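For reference, the structure discussed in these notes is given below.
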Amino acid sequence: MTSAEGFDRWYADRVASPVADELVHRVLALPPGLESTSLLGGAGLAEVVAALGLLPGQVLLDLACGRGGYGLEVMRRTGCRLVGVDFSAVAIEQARQRTGGDFRVGSMTATGLHTACVDAVLVVDAIQFASPKPAALRECRRVLVPGGRLVITCWEPVDPSDERLPAKMREMDLARQLPEAGFADVEVVEKPEWRVVEKQLWEEALAVDAPDDPAVRSMQDEARRVLSHFDGLRRVLVTATS
């Protein structure tokens with residue numbers, strides 16, 4: 001699933017599925033009220049907030065924001081101002097129903113924002129969907145003020161030649177790609193403890209009995225795909241400076 005239309009259907013199914021949301025919220029140990037459509041848990045979110053280093057009144061771009069949950073939580077914790085961009089109009093409409101944040105339809109390669117207009121960019125579990133990835137990283141660099149922070153959570157291949165992995169995952173190499181896009185101070189830190197929680201989520205999803213719930217069926221299909229090559233990916237927290 002890589003198109004906006006595919007994600008529109010996915011978000012529409014998800015908002016109608018309290019079962020899927022309860023499972024994700026419980027296993028990932030998320031803060032109350034955070035609507036997640038990614039795999040970043042509560043402990044990881046605290047690390048992300050620290051890495052962003054935002055001050056009250058500064059501007060955060062939550063890129064590929066989905067329903068806006070992570071960006072809104074960062075805003076609550078730091079007092080920053082929030083702009084959320086996603087290519088799914090359905091996700092943006094759901095995000096706009098929450099208090100706070102300026103949510104807009106746009107893509108990772110074309111945000112529609114002015115140059116040097118945000119202090120930090122956050123991309124949670126979505127950079128692998130960017131096409132092409134170098135253009136998305138350059139867009140992040142363009143909208144950041146000089147010295148601004150980029151924080152990405154994602155996965156990278158243990159072995160880029162592993163043909164079990166989707167092509168979009170085999171392409172991930174941010175230690176090389178971020179400097180090529182103009183970033184400095186690049187750090188890629190492996191987070192195996194996040195991976196443990198992810199595996200628990202997928203395994204519990206497969207045990208749910210909800211055959212008439214399309215969001216749960218989608219999670220179960222994804223769980224089977226992910227678990228088939230689980231050992232081929234490593235979980236990383238990536239930071240860089242513009």
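The values are calculated or read from the model by the stated rules, or taken from the named source; none is laboratory data. Keep in mind that what you see is a predicted model, and the values were worked out from it rather than measured. Glycine gets a Cβ as well: all are built from the backbone with ideal geometry, and neighbour counts include every protein chain shown. The protein model used for the area step is the full one, side chains on, heavy atoms only, and it has no ligands, DNA or RNA in it. Shrake-Rupley method; radii C 1.70, N 1.55, O 1.52, S 1.80 Å.
Here are the numbers:
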item: Separation in nanometres of the label points that stand 7 Å from Cα toward Cβ, at Asp162 and Glu187; result: 2.5
item: For the range 1-111, Kirkwood radius (reciprocal of mean inverse C-alpha pair distance, Å); result: 14.2
item: Alpha-carbon radius of gyration plus Dmax, which is the widest Cα pair, for the chain in Å; result: 16.8, 50
item: GNM flexibility winner over the chain from Val197, Val48, Val83 (Cα, springs under 10 Å); result: Val197
item: Reciprocal of mean inverse Cα separation for the range 118-200 (Kirkwood radius, Å); result: 13.8
item: Counting DSSP beta bridges with both ends in the chain, the antiparallel % (nearest 5); result: 40
item: Taking N as its residue count, the alpha carbon Rg of the range 169-242 over 2.2 N^0.38 Å; result: 1.44
item: Theoretical gain in end-to-end length, Arg138 to Ala110 [0.36 nm per residue, Cα-Cα removed]; result: 9.1 nm
item: The chain - percent of accessible surface contributed by carbon and sulfur, probe 1.4 Å; result: 53
item: Leu233 long-range amide H proximity, modeled H, under 5 Å; result: Val158
item: Solvent-accessible surface ranking, highest first, for Val226, Val121 at 1.4 angstrom; result: Val226, Val121
item: Length added when fully stretched, Asp8-Asp173, from 0.36 nm per residue minus Cα-Cα; result: 56.6 nm
item: For the chain, calculated [θ]222 nm from helices alone, where every DSSP H run of n ≥ 4 adds -39500 (n - 2.57); result: -13000 deg cm²/dmol
